[in-house]
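What follows is a single structure, written as structure tokens, with notes after it.
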Amino acid sequence: MTGGTAEAAPATKRVFFGAYTTWSGGAKGLGIGTYDTATGRLAKTGVISGVVNPSFVVESRDGRFLYAVNETSRGEVTAIDATRLKVVNKQATGGADPCHLTLDPSGKFLITADYSSGSLSVFPVNADGSLGARTQKVQHQGSGPDPDRQAGPHAHHVVFDPAGKYAAAVDLGADSVFFYSFDGRLQLVSTAKLAPGAGPRHIAFHPSGKTAYVANELDSTIVACAYADGKLTPGQVLETAPPATERNYPAEVLVSADGRFVYLSNRGHDSVAQFAVDGAGLTLVGHTPVGGEYPRHITFDPTGSFLFAANQNSSLVTSFAVDGATGGITPSGTPLKTEIPVCVLPTRLG
């Protein structure tokens, strides 16, 4: 210290890294880290062992607990104490290869999307954060023209609409988005069909609640859809990457908090596509190299100042600063090396 003043230590917040543990060179469990709130720079600080293939992770509303899918053929879901960084308990999903999960608006129930079995599973969340045994399993039906990926249903994503009234379940194998009412049990209310062979993977809602955007993994498109009261109406279709010799597979789709921009991760093109919201549709702004290979997941930090990308095939998590005015993203911080990252969870409460 010189001149009688000390520089303030950089402020950091906590982040968790979902990963594959059973793959060659895989992680040892759910990764723990921090990010600098000024620069987005990531650091890895540890691992929560005993969590198998936590390919997607969410946190409770109060931040005290985490919930991770265990993406294996005998699917499970794990509850984790986020303060003690210890596993609380696990429950079987009754489906194969759960790859996504969400909490209902009350925080009293958790729903998993089980990819290989094409099913959804519902669990009660106990007061101590633990999970009760599965109370419902919903089996999707349907198939598509891609013989390798669409021989049957493949539930890939489940999320509630902005009003918290309906749950949307995106099914890659059935080329459909199924909508359910939920009062502790799922009840089908509508089915939206996407183009045959589109392979819908994830959905993101505009904060207005009147529009949603579906990322199609198999035909490399994004669809702008009208939405109201549990009914989705597909509209404009846009390519997510330029034509290339290497096939491209869209993965995650995000909407900025102000509703002005949509972002999508391209696996193959290895970029983040940025779109401007234009009424009910979208306009492509451009592509930013993601700085890694096969960006499985992208997400914002809670302030929307940074975007993080989990690059599965290069074992890197990259950080980008988000320009609030233009929506543009620029690399920020140093890429973090961590084993087979497929999900990034910056915590809301630090």
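Miscellaneous remarks
- Odd one out for Gly107 among (1) in a loop (DSSP other than H, G, I, E, B); (2) under 17 Å from Phe178 (Cα atoms): (2)
- Top-ranked residue of segment 46-72 - restricted to ones that are open to solvent by less than 10 Å² (accessible area, probe 1.4 Å) and assigned to a loop (DSSP other than H, G, I, E, B), ranked as farthest from Val87 (Cα to Cα): Ser55
- Of all residues in segment 60-79, none satisfies being in contact with a Leu (Cβ under 9 Å, 6 or more places away or on another chain), of a type in the set (Phe, Trp, Tyr) and more than 25 Å from Asp128 (Cβ to Cβ).
Residue-by-condition table, conditions (1) open to solvent by less than 10 Å² (accessible area, probe 1.4 Å); (2) in contact (Cβ under 8 Å) with a residue 40 or more places away in the chain:
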| position | (1), (2) |
| --- | --- |
| Gly107 | no, yes |
| Leu120 | yes, yes |
| Gln141 | no, no |
| Gln150 | yes, yes |
| Ala169 | yes, yes |
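- Answer residue from segment 152-167, given it is over 19 Å from Thr93 (Cα atoms) and not aromatic (Phe, Trp, Tyr) and is most open to solvent (accessible area, probe 1.4 Å) among those: Lys165
- Number of positions in segment 226-248 that are touching a Leu at 6+ places or on another chain (Cβ under 8 Å) and crowded, with 22+ Cβ neighbours inside 10 Å: 1
- Contact map, segment 265-291: first residue under 15 Å from Val322 (Cβ atoms), second residue at pLDDT below 95 and open to solvent by 10 Å² or more (accessible area, probe 1.4 Å), Cβ cut-off under 7 Å, separation 6 or more or different chains; the map is empty.
- Any hit, segment 216-227, residues being out of contact with any Pro (no Cβ under 9 Å at 6 or more places or on another chain), in contact (Cβ under 8 Å) with a residue 12 or more places away in the chain and among the small types (Gly, Ala, Ser): no
- Scope segment 249-278; condition open to solvent by 30 Å² or more (accessible area, probe 1.4 Å), under 15 Å from Pro207 (Cβ atoms) and not in a strand (DSSP E or B); matching residues: Ala257, Asp258, Arg260
- Failed item in (1) under 12 Å from Asp171 (Cα atoms); (2) open to solvent by 50 Å² or more (accessible area, probe 1.4 Å), with Lys90 passing the rest: (1)
- Restricted to segment 284-350, the set of strands (runs of 3 or more DSSP E) holding at least 1 residues that are in contact with a Lys or Arg (Cβ under 9 Å, 6 or more places away or on another chain) and open to solvent by less than 40 Å² (accessible area, probe 1.4 Å) comprises 295-300, 306-311, 316-322, 341-346.
- Set side by side, the residues Ala38, Ala43 differ, and just one is assigned to a loop (DSSP other than H, G, I, E, B) and either small (Gly, Ala, Ser) or crowded, with 17+ Cβ neighbours inside 10 Å (or both), which is Ala38.
- Segment 122-137, subset part of a strand (DSSP E or B) and either of a type in the set (D, E, K, R) or closer than 17 Å to His157 by Cβ (or both), residue most open to solvent (accessible area, probe 1.4 Å): Lys137
The values are calculated or read from the model by the stated rules, or taken from the named source; none is laboratory data. In this text the structure is predicted, and so the values were computed from the model without any measurement. When we count neighbours, we look across all protein chains shown, and the Cβ atoms used for this are built from the backbone with ideal geometry, even at glycine. Surface accessibility is based on the protein's heavy atoms, side chains included, excluding ligands, DNA and RNA. Shrake-Rupley method; radii C 1.70, N 1.55, O 1.52, S 1.80 Å.
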